[in-house]
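Readers should treat all values here as calculations from the given coordinates under stated rules, not as data from a laboratory. A quick note: this is a predicted structure, and the numbers were derived from the prediction, not measured. Cβ placement follows ideal geometry from the backbone for every residue including glycine, while neighbour counts extend to all protein chains displayed.
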């Protein structure tokens, strides 16, 4: 017998954007595996030299879908690809496909976004704002629409400590509709030239564009059965179908991967602040639950305020940044990366001046020195390039580690309590009992397997390499300490 959520999705026609991304793939897999959904229309951007249908193999040739191939071998028959591009007006969808969607779609899950924090504002606006605006207009033409879930971010109010489950249009320097006019050319100044002025106190174009998109949703979506889900920093899979699975390096996942390879050694921030993380499968489960709840509570004759759900760690079971790294370090040490470049270590430095100094000591100076030796020996010099990449990553993460954030989760908790026991088992997103140490153990193994693509057979060699680097690192640090003491003594004697 179906659970409430399964019953809702049975024989439904669903339209998903962003289905080729990290979160989107997990949404697809979970939706198909646990429900009897009728059809999934999936927005896919054509690639050069490939037809849209050919991209099905690219999408589903992933270990994430192995269990699905076993339980539902014909699952791909229920997926219909819609050629489109969120960079284009009206999502680049042709007239025939648009008609197909308006006549059939009952559920929309809009997860398409550019998650590059330092994306050009014009690009972030096209993908994160205009595509949302145009999809809302498309949704208004869908006669059978029962639920629309817009995926935002928990950091839409990252200019302040508190982020409750409400809109933050008051933090914007410009109205959403007026902002879109800048993109559409009704204003003279190019959008990118106005980035600093428009973004204001927001740390990057990503969080700004997501906040603008929410303002568009607030004004344009109030007549639709619509809700907003705001994930925190989305990280590896916690439970099923593959604990530890991850497909992309971004944000907090990227930091521990490069630190675990000995490439990232210094981060600007307070390690004792809490990381607003959420496992990708928990995020997916909450989104599906939110879709069900939106449909079951919506009344077109008496529309209520749009419901917003913050999907982050529970306040009773939060993890500090330093604990995140320490647990990951422990598990990475048991099965190190074969291609690590040095003994992993990571400093969280709150002070900007000290951060720049330590970055020079542990990133810049070694990179230029070793690249110089490489050139002398006729080898490729690549460490300076890596060092710059790590500095950029640290700059992107800085705002979220320097500052402490407190998230309101009342709506999310109420949603969980409203679910049946069967649904809570099938679509778990309760982070109170989550064992973070076990989670990070699986995450470390997943990074090695799915990102580094390293076989288990290489672990003994990697451990031997780890031990060698450990000895070298201790010796080098000892040499530096002795040298520093010698300089101090000489200076004291001279004075």
Quiz item: Taking the alpha-carbon centroid of each part, what is the distance from region 387-403 to region 412-428 in angstrom?
Solution: 36 Å
Quiz item: Based on the Cβ-Cβ distance of residue 94 and residue 352, what FRET efficiency does E = 1/(1 + (r/R0)^6) give at R0 = 41 Å, to the nearest 0.05?
Solution: 0.20
Quiz prompt | Scattering curve values for region 392-478, log₁₀ I(q)/I(0), Debye with Cα scatterers, q = 0.17 Å⁻¹ | solution = -1.07
Quiz item: Roughly how many nanometres apart are two label points built 7 Å out from the Cα toward the Cβ at residue 2 and residue 453?
Solution: 4.1 nm
Practice problem: First check a/c for region 288-375, with a ≥ b ≥ c the square roots of the eigenvalues of its C-alpha gyration tensor; if it is under 1.5, answer rounded, and if not, answer prolate when a/b is larger than b/c or oblate otherwise. | Solution: prolate
Practice problem: Return one quarter of the surface area of the convex hull spanned by the alpha-carbon atoms of region 104-256, equal to its mean projected area, in nm². | Solution: 10.6 nm²
Exercise. Can you tell me how much longer the chain between residue 470 and residue 160 gets when fully stretched, taken as 0.36 nm per residue apart minus their C-alpha distance, in nm with one decimal?
Key: 107.5 nm
Quiz item: Given Cα pairs under 8 Å that are at least 6 residues apart, what percent is the relative contact order of region 1-135?
Solution: 30 percent
Exercise. Between the alpha-carbon centers of region 317-383 and region 4-63, tell me the distance in whole angstrom.
Key: 38 Å
Quiz item: Which distance in nm do the two modelled labels at residue 330 and residue 193 give, with both placed 7 Å along the Cα-to-Cβ direction?
Solution: 5.5 nm
Exercise. Take 45, 265 and order them by how many other Cβ atoms sit within 10 Å, fewest up front.
Key: 45, 265
Quiz item: So what's the angle, to the nearest 10 degrees on a 0 to 90 scale, between helix 436-446 and the longest Cα principal axis of the chain?
Solution: 80 degrees
Quiz item: So for 1, 431, 340, fewest C-beta neighbours within 10 Å to most, what's the order?
Solution: 1, 340, 431
Practice problem: If a/c stays under 1.5 just call it rounded; otherwise compare a/b with b/c (prolate if a/b is bigger, oblate if not). Do that for region 121-162, with a ≥ b ≥ c from the square roots of the Cα gyration tensor eigenvalues. | Solution: oblate
Quiz prompt | region 364-495, relative contact order [Cα under 8 Å, separation at least 6], % | solution = 9 percent
Quiz item: Pairing the Cα long axis of helix 22-34 with the longest principal axis of the chain, what angle in degrees results, from 0 to 90 and rounded to the nearest 10?
Solution: 50 degrees
Practice problem: Order by neighbour count: 448, 76, 375, fewest other Cβ atoms within 10 Å first, most last. | Solution: 375, 76, 448
Quiz item: Across every pair of different alpha-carbon atoms, what Kirkwood hydrodynamic radius in Å does region 142-222 reach?
Solution: 13.8 Å
Quiz item: Translational D (Stokes-Einstein, µm²/s) of the chain at 37 °C and 0.692 mPa s when Rh comes from the Kirkwood sum over C-alpha pairs?
Solution: 135 µm²/s
Quiz item: Residue separation times 0.36 nm, minus the C-alpha to C-alpha distance between residue 181 and residue 404: what's the value?
Solution: 76.8 nm
Quiz item: What is the Rg over Rh value, at two decimals, for region 325-404, using alpha-carbon atoms and the Kirkwood definition of Rh?
Solution: 1.02
Quiz item: So, in Å, what gap is there between the alpha-carbon centers of region 110-180 and region 220-270?
Solution: 18 Å
Exercise. Report, in degrees rounded to the nearest 10, the 0 to 90 angle that the Cα long axis of helix 365-376 makes with the longest principal axis of the chain.
Key: 80 degrees
